[in-house]
């Protein structure tokens, strides 16, 4: 009999709490840690989730949806370079404020993607595509542009979070420079 009050959503919420504040994210998530937080034995969790991989996929789903929500809220009503800048700022802010969830959003699709997770990831990519449409890119360059922007912003965020920017210069100015370069590159792809 499952513990009163313990449900699949409660187990996922406990797992999210465990990964939320750490850059290691879901890689260090364990069923035993979730069980300890829930006050149950590890086998009790199997009434709610089938495996650690399934639980990690559920945490990734929460992470991707919340990252998408933060990026959507930031970009509503904006376009072009302005939208690109607030999108990058939203990703950076999410990664700074919720590092474990940001790490969870970078899930390994080969490790077991659920249809819901694939749909959520597609929504995030669609948001990036919508922002980049403001640069007038031809359709055949859209995927390249999304990959370039995501890679650049993600790389910046990860380097910043791991202490990679130790020079005394303003890190925000460096992000602005990166976005200037990206915007110029995106404009060069437009016909």
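The values are calculated or read from the model by the stated rules, or taken from the named source; none is laboratory data. These figures come from a predicted structure and were not determined experimentally. A quick note on method: Cβ atoms are made from the backbone with ideal geometry, for glycine too, and the neighbour counts reach across all protein chains shown.
Hey, can you tell me all the residues within the range 161-181 that are more than 20 Å from residue 145 (Cα to Cα) and either touching a helix residue (DSSP H, G or I) at 6+ places or on another chain (Cβ under 6 Å) or not in a loop (DSSP other than H, G, I, E, B) (or both)? If you could, list the steps in order and put the result at the bottom.
Restricting attention to the range 161-181, the residues satisfying the condition of being more than 20 Å from residue 145 (Cα to Cα) are 161-174.
Within the range 161-181, 161, 165, 171, 172, 173, 174 qualify.
Checking residue 135 against (1) exposed (fewer than 15 other Cβ atoms within 10 Å of the Cβ); (2) touching a helix residue (DSSP H, G or I) at 6+ places or on another chain (Cβ under 6 Å): exactly one of these is not met. Which one?
(1)
Please give the number of the condition residue 118 fails out of (1) within 18 Å of residue 49 (Cβ to Cβ); (2) modelled with pLDDT under 95; (3) touching a helix residue (DSSP H, G or I) at 6+ places or on another chain (Cβ under 9 Å).
That leaves (1) as the condition not met.
Against the condition closer than 25 Å to residue 128 by Cα and exposed (fewer than 15 other Cβ atoms within 10 Å of the Cβ), how does residue 53 come out, does it pass? Please lay out each step first, then the result.
Numbers: closer than 25 Å to residue 128 by Cα: no; exposed (fewer than 15 other Cβ atoms within 10 Å of the Cβ): yes.
In short, no.
Confirm whether residue 117 is farther than 19 Å from residue 92 by Cα and not in a helix (DSSP H, G or I). Full working, then the answer.
Working: farther than 19 Å from residue 92 by Cα: yes; not in a helix (DSSP H, G or I): no.
Against the criterion (farther than 19 Å from residue 92 by Cα and not in a helix (DSSP H, G or I)), residue 117 does not qualify.
Whether any residue in the range 105-116 is buried (at least 19 other Cβ atoms within 10 Å of the Cβ) and closer than 26 Å to residue 162 by Cα is what I want to check.
In the first step, residues of the range 105-116 are kept if they are buried (at least 19 other Cβ atoms within 10 Å of the Cβ); the result is 105, 107.
Subset that is closer than 26 Å to residue 162 by Cα: 105, 107.
Yes.
Of the residues in the range 148-169, how many are over 16 Å from the mean Cα position of the chain (by Cα) and exposed (fewer than 15 other Cβ atoms within 10 Å of the Cβ)?
Selection size over the range 148-169: 7.
For the range 1-80, list the helices (runs of 4 or more DSSP H) that sit wholly inside it and hold at least 3 residues that are under 30 Å from residue 137 (Cα atoms) and touching a helix residue (DSSP H, G or I) at 6+ places or on another chain (Cβ under 7 Å); which are they?
Working: elements: 8-20, 31-38, 42-45, 52-75.
Here the list reads 52-75.
Do the conditions hold for residue 91, that is, is it surrounded by 17 or more Cβ atoms within 10 Å (Cβ to Cβ), more than 27 Å from residue 146 (Cα to Cα) and at pLDDT 95 or above?
Numbers: surrounded by 17 or more Cβ atoms within 10 Å (Cβ to Cβ): yes; more than 27 Å from residue 146 (Cα to Cα): no; at pLDDT 95 or above: yes.
Answer is no for this residue.
Look through the range 182-191, keep the residues that are assigned to a helix (DSSP H, G or I) and loosely packed, with under 11 Cβ neighbours inside 10 Å, and return whichever of them is nearest to the chain's Cα centre (by Cα).
Here is the first cut: in the range 182-191, the ones assigned to a helix (DSSP H, G or I) are 182-189.
Filter once more, so that each one left must be loosely packed, with under 11 Cβ neighbours inside 10 Å: 184, 188.
Values: 184: 25, 188: 28 Å.
Ranking the candidates gives 184 first.
Taking residue 95, is it part of a helix (DSSP H, G or I), more than 26 Å from residue 134 (Cβ to Cβ), out of contact with any strand residue (DSSP E or B) (no Cβ under 7 Å at 6 or more places or on another chain) and in contact (Cβ under 8 Å) with a residue 40 or more places away in the chain?
On the way: part of a helix (DSSP H, G or I): yes; more than 26 Å from residue 134 (Cβ to Cβ): no; out of contact with any strand residue (DSSP E or B) (no Cβ under 7 Å at 6 or more places or on another chain): yes; in contact (Cβ under 8 Å) with a residue 40 or more places away in the chain: yes.
Against the criterion (part of a helix (DSSP H, G or I), more than 26 Å from residue 134 (Cβ to Cβ), out of contact with any strand residue (DSSP E or B) (no Cβ under 7 Å at 6 or more places or on another chain) and in contact (Cβ under 8 Å) with a residue 40 or more places away in the chain), residue 95 does not qualify.
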